[in-house]
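The values are calculated or read from the model by the stated rules, or taken from the named source; none is laboratory data. These numbers come from a predicted model, not from an experiment. All Cβ positions, even for glycine, are placed from backbone atoms using ideal geometry, and neighbour counts span all protein chains on display.
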Amino acid sequence: MTDAPSSPPIRERIFLVVVDETEEMRIALRYAALRAFHTGGKVALLAVIEPPGVQLSKGVEERIEEERREEAERLISTLTAEVKGTCGAMPIVYIREGRRRDELLALIDEEPSISVLVLAAGTGQEGPGPLVTALIGHSGRLRVPITIVPGGLSDEQIAALA
């Protein structure tokens, strides 16, 4: 008599949100936190400190990077409290330096625990947003699904979907 094949262990789902100061990010974050709460998963936050767009002196560049890191840490602190309040667990936090799209793709490649990338589409005339637009073209390279939440949803609509 042979043993029945064992089912694979259930892996905690980790919903990754790329953080910035946009309203769309708040929608993606709320959706991810509610999905994590409903599925027993966790939220991961990625803040990317991008290099200045112009060539500056070393001292000025270092000061700008320091200020951007402080801003990212303040934002992460605020968002961490929001996530904990919504889903009851502290999020996983990643802070990286570089180009947002490149750092996001690298993190997904490096962290097998990440299960889903959650983004929200922009609502303006310029389209869904630069990150959504950039990733759609590279979605075949990703090993995780992308959930794109409409950027104009209310809290009630997000709760109903999550």
Verdict on Leu131 being within 13 Å of the chain's Cα centre (by Cα) and at pLDDT below 90: yes
Single match in Thr133, Thr39, Thr80 (criterion: surrounded by fewer than 19 Cβ atoms within 10 Å (Cβ to Cβ), of a type in the set (S, T, N, Q), under 29 Å from Ile158 (Cα atoms) and touching a Lys or Arg at 6+ places or on another chain (Cβ under 7 Å)): Thr39
One residue from Gly88, Gly59 being small (Gly, Ala, Ser) and farther than 23 Å from Leu153 by Cα: Gly59
